[in-house]
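Accompanying notes for the structure given below.
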Amino acid sequence: MKWSALGLVCSALAASACTRENVVRIFDGREVSGRWVSPQAYAAFAQASLEEARGDKAAAAAAYERAIAEDPNNATAWGRLGAVRCTTAPAVADRAFSRAEALDSELTAPWIARAECALERHDMRGAVSHALRAAALSPGDHEANLLVVTSLERSGDTLAARRWRRALALASELPVEAHHAPRATARDALERAFDGADATELERAAIAARIGSAELSLRAVQHGRTDFANQLASRVLEADPANSDARIAALSSADLQNDQESFDRWSKDVPRANTPPSALGALLMEALIARRMGAEAARAWTAAYRATVAP
């Protein structure tokens, strides 16, 4: 069956604007000019992120290494390689962290990775130091600040941890429960909740994991909770028709449920300006196009996506 809206949806979700000399990418809604990076590097980094989210550190490490082979100057990839190799190959991890710092010592992500690794190694002094560095570089980064709280608590400095958490709560509109667990732990709890939890419990777990409704709808599709995914994605799209992840979740859930009426509804009137899809959104979109139009069309869309979204 042909998907009549393919051209419109693909151009809206993955409009390319890159040249080899310079590219403009979107980070947190901001346009950022930077160097050209190969589609292969994007693909490897996206795959690594997905494997890490699934908890497969060996597969994630292999994919991060492929990303680095394609783009040796990617400090974020070096940092994440250190995080996933933290205890299984400590020397490799330490070299990766050193390389990340040499490439860009002012980048927050590698310092977050180092703090996570220090916690895993029970190096509380290092965890506090690295987390504080990350928070200093990005004061508004919730994950960095939460790592400071966690590191201070585990180091025994409960007074400083309470003060930091109080300041974090005052600066944020998130519910209090979102400040009491590292995001990785909360995300693990969310993954477990998909096995039988109702919609209310899933949304509560998503708040604790700092996962928005659009991403939650994608994860619901991934876990086969298509009814919940469809309801949640529909709610997001009614408020924000330009949300690509929610549209991908709505289309995917409708397709998997053989709900042609809903599929046609969300295939139409796609805004020309959309938020870029996440790595998970792109993965589900590729699968959707493959089911609808075949592998060649899916590869064409994915190539366009990889050319526009930076790791």
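Each reported figure results from applying straightforward, stated rules to the coordinates on display, with no laboratory input. Keep in mind the model is a prediction, meaning the values are calculated, not measured. Here the Cβ is made from the backbone with ideal geometry for all residues, glycine too, and neighbour counts use every protein chain on show.
General observations
- Viscosity 1.567 mPa s, 4 °C: Kirkwood-radius Stokes-Einstein D of region 80-120 over Cα pairs, µm²/s: 133
- For region 55-163, the list of GluC sites (Glu not before Pro) that fall in a loop by DSSP and count at most 14 other C-beta atoms within 10 angstrom reads Glu106.
- For the pair Asn73 and Arg95 in one chain, pulling the backbone fully straight at 0.36 nm per residue adds 6.5 nm over the alpha carbon distance.
- Extension gain, Asp56-Asp264: 0.36 nm per intervening residue step, less the Cα-Cα distance, totals 71.3 nm.
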